[in-house]
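Novice: Please read through the structure below; I'll follow up with questions.
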Amino acid sequence: MKAFDGYYVIHPVVPWYIKILFEQYYSSDNDNSYGAVTYAFVKVKSSFGIYCAKEYEGGNRDIILELITEASNLLYAMQLAKANRWWSEVINIMQSLILFYEHTGRYRERINLVEKTAIDFVEPSTGKPLQDREEQWSIITNAQIRIAIDKRDWNIAEELERRCVDWNRSRVTSALALPFSESLDRKQEQTIYSLAVSLINLGVILAEQGKPECVEVYEEAIQLCQLLSERSPEASLCFNLGKAYTDVSAIRNLEQAEGWYHRSLELCNQRRDALGISKCLGQLGLLTYDKFKEASNCQETNEQLSLYLNDAASFCHEQINWINKSGAKPTNN
């Protein structure tokens, strides 16, 4: 009987019979054949998990139906991967399960999954990666950071993200030391990009805590993005700097914020990023309205106040037009 596209419901006796056949032909006493078929099963589920994660990130929310159907298989495959120390497969399957738990609101299970998986990758006393598991450590640490952020535990999130920054920075020393005229290979570009991403995340965490240090962190990330000619992250970083100069009270400077929003807008225009453009216009509208309120307190002329209001309204109207072009839903901004 068909359940949905690509999936069918079968009689319970069939899996039972297949299990008997499997044990008959692939006995655990025969290490070679049993190990090979076990790895094949784990590898298939690992690849399936990566595929689902990419589909979901690309906007295909229907892929969750397949994850729901395969959840038990994924959990068992992850158990086999851990038992056999196939660490890359452990992490790949974990990421698909995290996605499944997040989408279905099973946050306690997501936390338990991450905590149990971290034991195999993180040195408890230092929080550093276990030997030969550095790549997987960075993924599990990012999962821990997301949990800390969801809990609004900014101190833990910052501590973990700083570890990621330090680890990524240790990997890019040789690449950043190359002469400007010498091109980077793909691996060097990836390590630099990973450091940039860690810095972006750290900047966001610092800004949420109202720490001025976020500006320095964002600016370093911008330099790395420019080195790699990565315009999309650079546009987001400029936007974040605008937000920092608007929201972080210790460094509040509307002129600086306006300059960074316009830089982000310029980069978004170059990429025809309708959603990015709409966000920049919305922030410029809010910023101009802030200028109006500050000018009102300073008893500016009615002419100047009207200019601020008209500019704010103009930015907001433009934002609505670009939201319509992007197909995104409007925010409370």
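Novice: What about residue 203, is it at positive phi and either out of contact with any Ser or Thr (no Cβ under 6 Å at 6 or more places or on another chain) or part of a helix (DSSP H, G or I) (or both)?
Specialist: Criteria not met by residue 203.
Novice: I've got another one for you. Being of a type in the set (Ser, Thr, Tyr) and modelled with pLDDT of 90 or more narrows it down to one of 198, 181, 174, so name that one.
Specialist: Only one candidate passes the filter, namely 198.
Novice: Does residue 263 meet the test of being free of Cβ contacts under 8 Å to residues at least 12 places away in the same chain, in contact with a helix residue (DSSP H, G or I) (Cβ under 7 Å, 6 or more places away or on another chain) and either surrounded by 13 or more Cβ atoms within 10 Å (Cβ to Cβ) or among the aromatic types (Phe, Trp, Tyr) (or both)?
Specialist: Values: free of Cβ contacts under 8 Å to residues at least 12 places away in the same chain: no; in contact with a helix residue (DSSP H, G or I) (Cβ under 7 Å, 6 or more places away or on another chain): yes; either surrounded by 13 or more Cβ atoms within 10 Å (Cβ to Cβ) or among the aromatic types (Phe, Trp, Tyr) (or both): yes.
Criteria not met by residue 263.
Novice: Further, regarding this structure: Would you check if residue 209 is closer than 30 Å to residue 285 by Cβ and either in the same structural domain as residue 87 (by TED's automatic domain parsing) or surrounded by fewer than 19 Cβ atoms within 10 Å (Cβ to Cβ) (or both)?
Specialist: yes
Novice: Sticking with this one: For region 236-258, indicate whether the set of residues that are closer than 30 Å to residue 185 by Cα, over 20 Å from the mean Cα position of the chain (by Cα) and either in a helix (DSSP H, G or I) or small (Gly, Ala, Ser) (or both) is non-empty.
Specialist: Among the residues of region 236-258, not one is closer than 30 Å to residue 185 by Cα, over 20 Å from the mean Cα position of the chain (by Cα) and either in a helix (DSSP H, G or I) or small (Gly, Ala, Ser) (or both), which makes the answer no.
Matching residues to (1) under 20 Å from the mean Cα position of the chain (by Cα); (2) charged (D, E, K, R); (3) not in a loop (DSSP other than H, G, I, E, B):
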site: 42; (1), (2), (3): no, no, yes
site: 49; (1), (2), (3): yes, no, yes
site: 73; (1), (2), (3): no, no, yes
site: 94; (1), (2), (3): yes, no, yes
site: 115; (1), (2), (3): yes, yes, yes
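Novice: Which residue pairs have Cβ atoms under 6 Å apart, sit 6 or more places apart or on different chains, and have a first residue in region 1-23 that is within 17 Å of residue 71 (Cα to Cα) and a second that is modelled with pLDDT of 75 or more?
Specialist: Listed by first residue and then by second, the contacts come to 7/69.
Novice: So which residues in region 76-92 are hydrophobic (A, V, I, L, M, F, W, C), within 23 Å of the chain's Cα centre (by Cα) and surrounded by fewer than 22 Cβ atoms within 10 Å (Cβ to Cβ)?
Specialist: Kept after step one, since they are hydrophobic (A, V, I, L, M, F, W, C), are these residues of region 76-92: 77-78, 80-81, 83, 86-87, 90-91.
Applying the additional criterion that residues be within 23 Å of the chain's Cα centre (by Cα) yields 78, 87, 90-91.
Within region 76-92, 87 is the sole residue that qualifies.
Novice: Please indicate, with yes or no, whether at least one residue in region 165-186 is among the charged types (D, E, K, R), assigned to a helix (DSSP H, G or I), within 20 Å of residue 224 (Cβ to Cβ) and in contact (Cβ under 8 Å) with a residue 40 or more places away in the chain.
Specialist: Looking through region 165-186, none of the residues is among the charged types (D, E, K, R), assigned to a helix (DSSP H, G or I), within 20 Å of residue 224 (Cβ to Cβ) and in contact (Cβ under 8 Å) with a residue 40 or more places away in the chain.
Novice: For region 81-110, give me each residue that is basic (Lys, Arg) and within 29 Å of residue 131 (Cβ to Cβ). Lay out the reasoning, then the answer.
Specialist: Keep residues of region 81-110 that are basic (Lys, Arg), which gives 82, 85, 106, 108, 110.
Scanning region 81-110 gives 82, 85, 110.
The values are calculated or read from the model by the stated rules, or taken from the named source; none is laboratory data. Since this is a predicted model, take the numbers as computed values, not measurements. Ideal geometry is used to build each Cβ from the backbone, glycine not excepted, and the neighbour counts take in all protein chains shown.
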